[in-house]
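Here is the structure we will look at, set down as structure tokens.
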Ligand SMILES: Nc1nc2c(ncn2[C@@H]2O[C@H](COP(=O)(O)OP(=O)(O)OP(=O)(O)O)[C@@H](O)[C@H]2O)c(=O)[nH]1
């Protein structure tokens, strides 16, 4: 309906315009033909007058009838001669008897006008012939050959049927041209309508496919965001990136690098397709994207400037996009394209994806940091007591289920208060960190090193019996006691630690009981002179004699001096 209206409106408008134009042309043509005929009649009337006047004056035997007959038939016009009284003398279309029947013509409008104004014109029905004529009349005064004064009116008439025939022909021509014009208009309107329809369809399809593509991209991005948010580690999040890129930018392969905490190098954490980066890392000044702070393309504006980290310098095109979150650079997304056009068309999509990946990776890092903060001690970086309690419960259950030994080594720095009092709290912190570092270095990967509280530390050793735990403790005591501590250029001397070990040999012991046993053993170690290890439920062991004696007499740090008045070690921090 809409379509046919769209066609009908221009057809009706153009047809109306054509009809009006044809009507106007008809009027103009009619006037033109009438004028032409009138001019022609004027000329002929004048000519007839001249010849007739001459013949009258010169020829006494002038035959008027013959004159009008010859003239009228040769010109195909009606010629009438009217005398001064208003009666017809001769008429090329009437015989004498018909002429005799005619009345006085003085009242005929063209004759009346001609007598008054020397020129008369009228269009009317001939009473004698019953045909419509265009009459032209002019008066003529002449002295005839006999010397008499004669007055005449020469009248020339042309039947209007001639004019009407011409007009009819013109109308037929006009109608044919108009019909042809209307058909042409219709055909043209149809043609342009179809053309417009085809173009509109093509642009609608183009728009639809663009909208579909964009919707697909948005859905993929939403999926990417959702999946990455659900990931718990950077590695698993990076694995989600590959299938999304395979869907949206299948023509590229890529690598994700992350900035190390030291912030001077980027580690490769994931790549898909052929490797783009040599080695496992590169320096941060080797990537233009990091130096510029925004996307860098290996070829841009006819400039070829590849990054230093790229492996395939001459093949294809590389795009590096910084992975940012709240202005912080987390890493770089490296993409490799075979064609430059693919790289240019894929740029904005790749940047949008990278923006989302950056945010998701930042979220994971933030979550990681928060969960680390929840289980780590900020000063020493060791696991905290809460984490120990959680792990301990699980480890005791494992130990009893699989009948495997589980040892808990509790350690306490000797005379730490005095150390603090002598050198200050900062130096105390430093010593604490150094001792903790030693614990981390000496323990196995499977062991859990914790800060139990204050200067009290512990190591939980799964699948470790009491002898193995004792060996570890003695090794630690030797290594810690051997260290000469220097803080801010000042020698702090040496520090010793005491230890207590409890071991669960596969039985169903409670967390509290195991801690109490190791704590009691530690208490005994303190009681028995410090810088030694005691085992739970065992007779007192000898002091660790192999450990180098702290230079109590050479340093201001009185670690080895016996202080029996010191308060006993706490049973819990
Ligand atoms: N610098 C520093 N000192 C700490 C920290 N946590 C606890 N301390 C100090 O460690 C000292 C522990 O003192 P005490 O419990 O009397 O034990 P001690 O002086 O080590 O004596 P013994 O354990 O009997 O050998 C206290 O002075 C605490 O203030 C810490 O994070 N940093």
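Readers should treat all values here as calculations from the given coordinates under stated rules, not as data from a laboratory. Keep in mind that what you see is a predicted model, and the values were worked out from it rather than measured. Using ideal geometry, Cβ is built from the backbone for each residue, glycine included, and neighbour counts are taken over all protein chains shown.
Couple of notes before you dig in:
- The tail of the calculated P(r) for the range 2-43 beyond 11 Å holds 69 percent of all Cα-Cα pairs.
- Helix axis angle, 64-75 relative to the chain longest principal axis, alpha carbon, degrees: 20
- Shape summary of the range 222-355, radius of gyration then Dmax from alpha carbon positions: 13.8, 42 Å.
- FRET efficiency for residue 487 and residue 215, using Cβ-Cβ distance with R0 set to 51 Å, rounded to 0.05: 0.20
- For the chain, the longest principal axis of the alpha carbon atoms and the long axis of helix 2-58 meet at an angle near 20°.
- Modelled spin labels at residue 400 and residue 207, positioned 7 Å past Cα toward Cβ, are 7.3 nm from each other.
- Taking 309, 394, 296, 271 and counting other C-beta atoms within 10 Å, the order from fewest to most: 394, 271, 296, 309
- Beta bridges by DSSP in the chain, antiparallel share as percent, to the nearest 5: 95
- Cα coordinate range in the range 416-540, projected on the principal axes (Å, largest first): 50, 31, 22
- Between residue 537 and residue 286, the modelled labels are 5.7 nm apart [label points 7 Å from Cα along Cα→Cβ].
- Translational diffusion of the range 121-191, µm² s⁻¹ [Kirkwood Rh, Cα pairs; Stokes-Einstein; 4 °C; 1.567 mPa s]: 79
- Cα-Cα separations in the range 151-272 greater than 17 Å, expressed as whole percent: 78
- Over the chain, DSSP H runs of length four or greater, each weighted -39,500 (n - 2.57), average out per residue to a 222 nm ellipticity of -17500 deg cm²/dmol.
- Over the range 107-151, the alpha carbon radius of gyration divided by the compact-protein estimate 2.2 N^0.38 Å works out to 1.42.
- Overall size of the range 1-95 from C-alpha positions, given as principal axis extents largest first: 85, 26, 24 Å.
- Cα gyration tensor shape of the range 73-115, rounded if a/c is under 1.5, else prolate or oblate by comparing a/b with b/c: oblate
- All Cα pairs of the range 149-222, percent lying beyond 20 Å: 70
- Dmax and Rg, reported as Rg then Dmax, of the chain (C-alpha, Å): 61.7, 189
- Note on 210, 516, 526: ascending count of other Cβ atoms within 10 Å places them as 210, 516, 526, the fewest first.
- Taking the inverse of the mean reciprocal distance over all distinct Cα pairs, the Kirkwood hydrodynamic radius of the range 282-372 comes to 13.9 Å.
- Residue order, fewest to most surrounding Cβ atoms within 10 angstrom, among 320, 307: 307, 320
- Over the chain, Cα pairs under 8 Å with separation of 6+ residues give a relative contact order of 8 percent.
- When Rg and the Kirkwood radius Rh are both evaluated on Cα atoms of the range 182-236, their ratio Rg/Rh stands at 1.55.
- Computed over the range 29-159, Kirkwood Rh from alpha-carbon pairs, angstrom: 14.7
- Mean separation of Cα pairs under 8 Å and 6 or more residues apart, divided by the residue count, gives the range 2-165 a relative contact order of 22 percent.
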